[in-house]
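Input: a single structure, listed below in structure tokens.
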Amino acid sequence: MKIGKNFSVIVPGLLFAALIAGIIIYRSVSGPSTLNRYTATFLDVFDTRTEIVGFAKSKDEFAKDAQLIKDELIRYNKLYDIYNDYQGVNNIKTINDNAGIKPVKVDPDIISLIEFSIDTYYETDGAVNIALGSVLSLWHKERMIGMDEPDRAKLPDADKLKEAALHTDITNIVIDKENSTVYLADPDMSLDVGSTGKGYAVQRVLEYAREKGLNNILLSLGGNISCIGTRIDGTCFRLGIQNPDMDSEEQYVEMVDINDGECVVSSGDYQRYYYVDGVRYCHIIDPMTLYPADGFASVSVITDDSGLADSYSTALYTMTYEEGLEFVEKRDNVEAMWIMHDGTKKYSEGFIEKYVKK
Amino acid sequence: MKKNDMVLIAIILAVTAVCLLGMRIWQKNNTKGNATAVVTIDGNVYGEYPLSEDYEERIELPDGSYNVLIIKDGFAKVSEASCPDQICVHHNHVKYSGESIVCLPNKLVVTVQGGEDNGIDGSTY
């Protein structure tokens, strides 16, 4: 009887222990209960929306990671700004303000962006030109007026555009690396890093975050999206490609899964534009014609460097589809998707196979 | 072991199973039905609106600028705004968890929290 009595305690005890163990195992397998997904959104850098997605044990822990990224973005924003002055900072605007006057001592991160942009200029046969500031500012001014007061919307004066185009020679950027200075030799030229600055900053900031040990991070700076690692469960980050038809029920035209270090950027005519006499003029100016490019509704590029993705998407937007396809196919690890004005989609050879998962 | 012990064990097991199942179902239903549009202005929460109820509000900012938020048929959208770029007005309506509409000039963000997930971590624009 004694043995039987013990059994009556041990058996239910064991069963109960097994039950608890089962629940613990079940919970740990059924979901990452220890790491939560967080998103941080802010609107105060690069004049756009920034989103950081990450995984952490607590909100505070994530906030620390997000702050590390944000602080770097703020630093780059100040350096690459062409519209605002910041106390104690020489930035791109300072360089522009001193065009034809004197060399400006700048942070090495400005020099590296300018060097990167000059390389891009030659690589894209001039389709991406940071020395186009004089032309872009004429368009920027009219676009701002046109958006604010549609009745006053007009195109920039054609003669003024032609005159401005005489001051866009990229070889007039004089870099002195030893003294860390930049000088614009033409007093009427100015730099506009709109086509490379954001993407380059994302690339550098993520490299910095990686060095600091951050992993499983997605960073979107105004639609320039790049990642470190994967989601916490090991699956790829999945991104939507914005539908250029903003009236559509479908917000995304395609979903793409990107791998560690890859980046997606779209260039299109659907966000920043203004109307003159019922015709839409977007913000991407073709350096060859000095007028807005209008070949596509959008072009999206995926590659493993955010700075390149940014400039390639701008460049492809000003090329024909055939030229662009040739440009993409000549390069390893670059894929692109073009959306025509009628909604038709065209892809580079590996785009669907590599990135579009069902 | 007596017969009653077995019965007790069986009952405990059954109750536990029912509890676990119940929690799962409750969790699932709760995340699906509770989609909320959270409006923030300059980072501060202005209001929360369940997507299940049709609603309209003209959100006025101290400087006179405004955005009109509409919630209809389970979607949130901005139908009108004082900003020059009108990007928020042209934005597709949102309903999935994490989707958002941003008005940069007015520093206003409409984000969907809870509700159905579209499996997307971000998007180009």
Listed by chain and number, the residues whose amide H is under 5 Å from that of A:S298, excluding neighbours fewer than 5 places away on the same chain and using placed H, are A:I339
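Given Cα positions, please report Rg to Rh for region A:236-355, the hydrodynamic radius being the Kirkwood one.
Working: Rg = 14.0 Å, Rh = 14.6 Å.
For region A:236-355, the value is 0.96.
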Listed by chain and number, the lysines with an alpha carbon less than 23 angstrom from that of B:K77, same-chain partners under 8 positions apart left out, are B:K32, B:K95, B:K107
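Could you grab the relative contact order for chain A? Cα pairs under 8 Å, six or more apart, rounded to a whole percent.
Values: 624 pairs, mean separation 51.4, N = 358.
The value is 14 percent.
Distance check, please: which entries in A:K59/A:K198; A:K330/A:K354; A:K93/A:K198 exceed 20 angstrom between their Cα atoms? Don't jump to the answer; show the numbers that get you there.
Values: A:K59/A:K198 27 Å; A:K330/A:K354 17 Å; A:K93/A:K198 16 Å.
Long pairs (Cα-Cα over 20 Å): A:K59/A:K198.
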Toy charge model, Lys and Arg Cβ at +1, Asp and Glu Cβ at -1: region A:31-160 dipole around Cα centroid in debye, rounded to 20, equals 320
Residues meeting the amide H criterion for A:T230 (H placed from the backbone, H to H distance under 5 Å, 5 or more places apart or on another chain) are A:N216
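Suppose every K and R has +1 on its Cβ and every D and E has -1 on its Cβ; what is the size of the dipole of region B:51-125 about the Cα centre, in Debye to the nearest 20?
On the way: 5 positive and 13 negative charges, 32 e Å.
Around 160 debye, computed over region B:51-125.
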Helix A:306-318 sits off the longest principal axis of the Cα atoms of chain A, rounded to the nearest 10 on a 0 to 90 degree scale, by 50
Taking alpha-carbon centroids only, region A:161-191 lies from region A:193-247 a number of Å equal to 31
Note on region B:35-113: C-alpha Rg/Rh, Kirkwood Rh, two decimals, gives 0.92
Calculated from DSSP helices alone, with each H run of at least 4 adding -39500 (n - 2.57) and the total divided by the residues of chain A, [θ]222 nm to the nearest 500 comes to -12500 deg cm²/dmol
Dipole check, the protein assembly as shown, charges on Cβ (K,R +1; D,E -1), about Cα centroid: among A:I173, A:G324, A:I228 the Cα furthest to the positive pole belongs to A:I228
Residue-ordered couplings for region B:62-69, obtained by feeding phi - 60° into the Karplus form 6.51 cos²θ - 1.76 cosθ + 1.60 and rounding to whole Hz (Gly and Pro as x), are x, 8, x, 6, 7, 9, 9, 9
Output for region A:166-271: GluC sites (Glu not before Pro) sitting in coil per DSSP, at most 15 other Cβ within 10 Å, listed by number, reads A:E178, A:E249, A:E250
One would report the Cα pair-distance distribution of region A:92-184, bin width 5 Å, in %, as 3, 13, 19, 20, 17, 13, 9, 5, 1, 0, 0
Scalar couplings 3J(HN,Hα) for region A:229-234 by Karplus 6.51 cos²θ - 1.76 cosθ + 1.60 (θ = phi - 60°), nearest whole Hz, x for Gly and Pro, are x, 10, 4, 5, 8, x
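Given the peptides A:47-58, A:297-308, A:153-164, arrange them by the average over their residues of other C-beta atoms within 10 Å, most packed first.
Numbers: A:47-58: 19.0, A:297-308: 25.1, A:153-164: 14.4.
The packing order, highest mean first, is A:297-308, A:47-58, A:153-164.
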Rounded to whole angstrom, the alpha-carbon centroid of region B:37-109 lies from that of region A:76-124 at a distance of 36
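So which chymotrypsin sites (Phe, Trp or Tyr not before Pro) in region A:74-118 pass both tests, a DSSP loop state and at most 15 other Cβ atoms within 10 Å of the Cβ? Don't jump to the answer; show the numbers that get you there.
Numbers: sites: A:Y76, A:Y80, A:Y83, A:Y86, A:F116; in loops: A:Y83.
In loop regions of region A:74-118 (DSSP not H, G, I, E or B), the sparsely surrounded chymotrypsin sites (Phe, Trp or Tyr not before Pro) are A:Y83.
Mind ranking A:196-205, A:167-176 by how tightly packed they are, going by the mean number of other C-beta atoms within 10 angstrom, highest first? Could the numbers behind the result be given before it?
Numbers: A:196-205: 25.5, A:167-176: 16.2.
With the highest mean Cβ count within 10 Å placed first, the list reads A:196-205, A:167-176.
Using the crude model of +1 on Lys and Arg Cβ and -1 on Asp and Glu Cβ, and no other charge, please compute the dipole size for the protein assembly as shown relative to its Cα centre, in debye to 20.
Details: 46 positive and 73 negative charges, 660 e Å.
Roughly 3180 debye for the protein assembly as shown.
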Measuring from the longest principal axis of the C-alpha atoms of chain B, the long axis of helix B:3-33 (C-alpha) lies at a number of degrees, nearest 10, equal to 10
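Find, among the trypsin sites (Lys or Arg not before Pro) in region B:1-90, those assigned to loop by DSSP (not H, G, I, E, B) with at most 14 other beta-carbon atoms within 10 angstrom. All intermediate terms of the calculation are to be shown ahead of the outcome.
On the way: sites: B:K2, B:K3, B:R24, B:K28, B:K32, B:R58, B:K72, B:K77; in loops: B:K2.
For trypsin sites (Lys or Arg not before Pro) across region B:1-90 that sit outside H, G, I, E and B with at most 14 neighbouring Cβ atoms in 10 Å, the list reads B:K2.
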Share (percent) of C-alpha pair distances in the protein assembly as shown greater than 36 Å works out to 38
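Computed from the coordinates by the stated procedures, all read-outs in this text should not be read as laboratory data. Here the structure is a predicted model, which is why all the values come from computation and not from measurement. A quick note on method: Cβ atoms are made from the backbone with ideal geometry, for glycine too, and the neighbour counts reach across all protein chains shown.
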